[in-house]
Amino acid sequence: MRLSYNNRVSSVRGFFRSAVGLAIKPGTTVEELAPWANQIDMALVMTVEPGFGGQKFMEDMMPKVSWLRSQFPSLDIEVDGGVGPDTIHKCAEAGANMIVSGSALIASDDPRSVIALLRTAVAEAIQKRSLDR
Ligand SMILES: O=C(CO)[C@H](O)[C@H](O)COP(=O)(O)O
């Protein structure tokens, strides 16, 4: 569902009786999401143009993740697009705690180990942040 400024997060939450997430495309600034960040459960930072898998990870989206993590320490922050063993550390260190990964798993002979690697990278970064506080 596309959330416009005419909608209210609480109305969406009530209607669907669910958690609420808000996604931003690469061309959308994080400042556009910021006014909603205290009302939502999850912010999704797209690291490819939405539409299809197999695209190249956009590292220049990481400052959005870092900024959100610094401003909203307990917000769930998800990244989607080109996330796999080669890019997960950038996402995790920037502050993402939820990820979407498609091609990296499909292309692997051992998707379980890729999932474990992705989870470990995120968990270690979360632990490091909590120790640094
Ligand atoms: O649907 C997508 C974009 O709209 C996702 O990027 C996709 O599902 C994840 O795939 P990949 O890891 O190959 O980028």
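Rolling a 1.4 angstrom probe over the protein heavy atoms with all chains in place gives the range 21-132 an accessible area of 55 Å² per residue. The charge dipole of the range 25-106, taken about its Cα centre with unit charges on the Cβ atoms of Lys, Arg (+1), Asp and Glu (-1) only, comes to about 80 debye.
Name the residue, out of Arg119, Arg13, Arg69, whose mean-square fluctuation peaks in a Gaussian network model built on the chain with Cα pairs under 10 Å. Result: Arg13 has the largest fluctuation of those listed. Taking every alpha-carbon pair under 8 Å whose residues sit at least 6 apart, the chain reaches a relative contact order of 18 percent. Straight-line reach from Lys25: taking Cα to Cα under 24 Å and skipping same-chain neighbours fewer than 8 places apart, the lysines in range are Lys56, Lys64, Lys90. Counted over the range 21-132, the DSSP beta bridges are approximately 0% antiparallel.
The values are calculated or read from the model by the stated rules, or taken from the named source; none is laboratory data. All values reported here derive from a predicted model rather than from experimental measurement. Here Cβ is always computed from backbone atoms with ideal geometry, including for glycine, and neighbour counts include all displayed protein chains. For the accessible areas, the whole protein counts, side chains as well, though only heavy atoms, and no ligand, DNA or RNA atoms are used. Shrake-Rupley method; radii C 1.70, N 1.55, O 1.52, S 1.80 Å.
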